[in-house]
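Below is one structure; the comments refer to it alone.
The values are calculated or read from the model by the stated rules, or taken from the named source; none is laboratory data. Values in this document were obtained by computation on a predicted structure and should not be read as measured data. Neighbour counts run over all protein chains shown; Cβ positions are idealised from the backbone, glycine included. Ligands, DNA and RNA are excluded from the accessible area calculation, which covers all protein heavy atoms including side chains. Shrake-Rupley method; radii C 1.70, N 1.55, O 1.52, S 1.80 Å.
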Amino acid sequence: MDELNEKDLFRVRIRFLDLVKSFFCEEPDAEKMSRWRGTFSALAAEQINPRFDNAVKDISKALIEKNLSDLHGEYYSLFINPFADGMVKTTASYYLNGRSFDQALVDIRSLMDEAGLQKNSSVTDPEDSLVVMLDTFTSLVEEEKEGDAEKARQLQRRLLNEFLQPFVEKFMLELKENEAADFYYLCCKVLAGYCDLEKGLIE
């Protein structure tokens, strides 16, 4: 990433954030699975960062071995079915405070307010949910490109260091220990590797 010019770097960051968000925002379909296969097959030939590279190789292999039905079943069990033993939470406050709708949610709402950002009214997930945190981070990257770069970068650091990265590490352990999680544990490994890349960029 260091070899990219500034304009290309913003574009790549936004595309990666969209990619990792696509794992968790909704059930996979054939088009999305095809996109993942193509993207990770290409990335597997690159050397970016050891943690990220290993995660890319693992998920690339899994995407060859698994079919869409496998991914549908796992996504439903982990994120949709309220009666499944393996259903997992996807909010920062659950992992950082021990229960949903706690201090992390309050603090992330405050950060978004400081950034002049509001959650889309059509989104039912809270502001400290993984998908909304990734949306917020993407908006801050766009703001860095087009607006107050220093303020946007400062808010990126706070969101990443105080909320997103600590959440991702705990979320990944939860998925690792969950018998229903296989592919989505690998998705979280990719996300964790990407968070490491972002940390290197913004610090």
When segment 127-153 is checked residue by residue, the ones that are outside any helix (DSSP H, G or I) and either among the small types (Gly, Ala, Ser) or buried (at least 19 other Cβ atoms within 10 Å of the Cβ) (or both) are Glu127, Asp128, Ser129, Gly147
Apart from one, (1) surrounded by fewer than 20 Cβ atoms within 10 Å (Cβ to Cβ); (2) touching a helix residue (DSSP H, G or I) at 6+ places or on another chain (Cβ under 6 Å); (3) closer than 21 Å to Phe16 by Cβ; (4) modelled with pLDDT of 95 or more all hold for Gln156; the odd one out is (1)
Margin query: Taking the conditions exactly as written (in contact (Cβ under 8 Å) with a residue 40 or more places away in the chain, basic (Lys, Arg) and assigned to a helix (DSSP H, G or I)), does Arg109 satisfy them or not?
Written below: no
For Val20, the lone unmet condition from (1) surrounded by 17 or more Cβ atoms within 10 Å (Cβ to Cβ); (2) in a helix (DSSP H, G or I); (3) in contact with a Ser or Thr (Cβ under 9 Å, 6 or more places away or on another chain); (4) of a type outside the set (Asp, Glu) is (3)
Selection over segment 42-56 where residues are surrounded by 14 or more Cβ atoms within 10 Å (Cβ to Cβ) and assigned to a helix (DSSP H, G or I) yields a count of 6
The number of residues in segment 57-90 that are open to solvent by 70 Å² or more (accessible area, probe 1.4 Å), under 27 Å from Ser100 (Cβ atoms) and not in a helix (DSSP H, G or I) is 5
Selection from segment 159-203 of residues at pLDDT below 95, small (Gly, Ala, Ser) and not in a helix (DSSP H, G or I) yields Ala180
